[in-house]
1. Only one residue in 312, 326, 366 is in a loop (DSSP other than H, G, I, E, B), under 22 Å from residue 228 (Cβ atoms) and at pLDDT below 95. Which one?
2. Among the residues of segment 186-205, are any closer than 27 Å to residue 298 by Cα, out of contact with any Pro (no Cβ under 9 Å at 6 or more places or on another chain), without any contact (Cβ under 8 Å) to a residue 40 or more places away in the chain and of a type in the set (D, E, K, R)?
3. Could you identify the single residue in 185, 167, 151 that is open to solvent by 30 Å² or more (accessible area, probe 1.4 Å) and assigned to a loop (DSSP other than H, G, I, E, B)?
4. Any idea which residue in segment 26-50 is most open to solvent (accessible area, probe 1.4 Å), counting only those that are closer than 26 Å to residue 382 by Cα and part of a loop (DSSP other than H, G, I, E, B)?
5. Of the residues 396, 356, 390, 374, only one is outside any strand (DSSP E or B), surrounded by 17 or more Cβ atoms within 10 Å (Cβ to Cβ), of a type outside the set (S, T, N, Q) and modelled with pLDDT under 95; which?
6. Which residues, counting only those in segment 265-278, are open to solvent by 20 Å² or more (accessible area, probe 1.4 Å) and not in a strand (DSSP E or B)?
7. Taking only segment 250-264 into account, find how many residues are surrounded by fewer than 20 Cβ atoms within 10 Å (Cβ to Cβ), modelled with pLDDT of 95 or more and aliphatic (A, V, I, L, M).
8. Of all residues in segment 222-249 being outside any helix (DSSP H, G or I) and out of contact with any helix residue (DSSP H, G or I) (no Cβ under 9 Å at 6 or more places or on another chain), which is least open to solvent (accessible area, probe 1.4 Å)?
Amino acid sequence: MRDLLFLAHRIPYPPNKGDKIRSFHILRHLSSSFRVYLGCFVDDPSEQRYIAQLREFCAEVFCVPLPPARKAIRALRAIAQGQSFTEGIYRDARLHAWVEHVADSRNIRDVFVFCSAMAPYVRNLGPTTRVVIDMVDIDSEKWGIYARFAAWPVRWLYRLEQRRVRALEKSAVAACEHAFFVSRAEADLFLELVPGAAGRVGFLENGVDLDLFDPAHVFANPFPVGSSPIVFTGAMNYRPNVDAVQWFAREAFAAIRQACVGAEFWIAGANPVAGVRRLAKVPGIRVAGAVADVRPYLANAHCVVAPMRMARGVQNKVLEAMAMARPVVLTPAALEGLGALPGREVLIASNPSEFADRVLEALSGRDGEIGLAARRRVELDHSWPRNLKALDVLFAEPACLAIVGNSGNRGEPRATGVVP
């Protein structure tokens, strides 16, 4: 069994949100073929206790604590030094030393890097080392989106970060053998922004644990009898999620509540910020906070919403709701990267009045087939075991993979996916 170095900007356990779902499933898959040496950061002290579980999949685990105060100091220092604060936050001498030690002592020839922030750690590993990087999303575009919704001078700071992270992304992809994103749309956009990356960029779609998120399971109903629950799930200290629920509560919920007096908007997610907690003062809005298991909330929801305005990549919250056969109302931004068909597998809304109308449609039950169709779509496109087989090809000995094709009409580079 070969050795593999796996680097992640956040501890890939527990798989309970966004990037950690993806990084954990990739780590577990690779551990079946490699002795994995994991280096990562832990930004939540309570998650130190999960290191033991990760040792079930890894030969060695090296975790560096990264408390919020340290993040802030590193970010400020990086800005002053002309670098992105993303690079500054995740630059750590201890992790650099550990990477060098593992690379030398274990004769590492295969490296998996999760997200561009970790790319600087593998720049000097030598020409015989195969580096594969999961960029996940185009992080630089995320900062551009943040800038559109921010006031000066924060807008200026976000624009600066966008430019500097774009440079980091270019160098990360240039230094690796293969890079991939979470969807074809994200990979194609990157190739439009960085056409010089053609030939090494593809995509690997997210999956869902289809046995865990199965509508056949029966859960106790957490909602009041007679209510019509509308559910949003996600970490509630994450800026795009905060913006989404505040926008929905402010712009669309009143019209829904007026037409359906039993409608309740439930926000289920850990660490709700003050602005989210204040929404509980609005009649019909419930802030559940952290829940032990999100599935009872999804299984018993009459409708799930993803009113994202700052979305990038693929929304796991949407995939999980679809897997539970729930009707999902989402913005075009939240649909990006998914193959779901609007009007047949999900309901799309671009403005508050459309959102209210689509939610009321879902609450009426007239579109009962949408949830079942959503489940079928997830089964077709988002099976982890099937999607992760692509990694076996990426790390085949010897490497033999073509991952880029042409778009046809205009002739620009276009990702074709990570395929055998």
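The values are calculated or read from the model by the stated rules, or taken from the named source; none is laboratory data. Bear in mind that the values here come from a model prediction, so they are computed numbers and not experimental data. Note that we place each Cβ from the backbone using ideal geometry, even for glycine, and neighbour counts take in every protein chain shown. All accessible areas refer to the heavy atoms of the entire protein, side chains included, with ligands and DNA or RNA removed. Shrake-Rupley method; radii C 1.70, N 1.55, O 1.52, S 1.80 Å.
1. From the options 312, 326, 366, the qualifying one is 366.
2. For segment 186-205, residues closer than 27 Å to residue 298 by Cα, out of contact with any Pro (no Cβ under 9 Å at 6 or more places or on another chain), without any contact (Cβ under 8 Å) to a residue 40 or more places away in the chain and of a type in the set (D, E, K, R): absent.
3. Criteria check complete, one pass: 151.
4. 32
5. Every option except 390 fails the conditions.
6. Scanning segment 265-278 gives 270, 271, 272, 273, 274, 277, 278.
7. Selection size over segment 250-264: 3.
8. Once the filter is applied, the top-ranked residue is 227.
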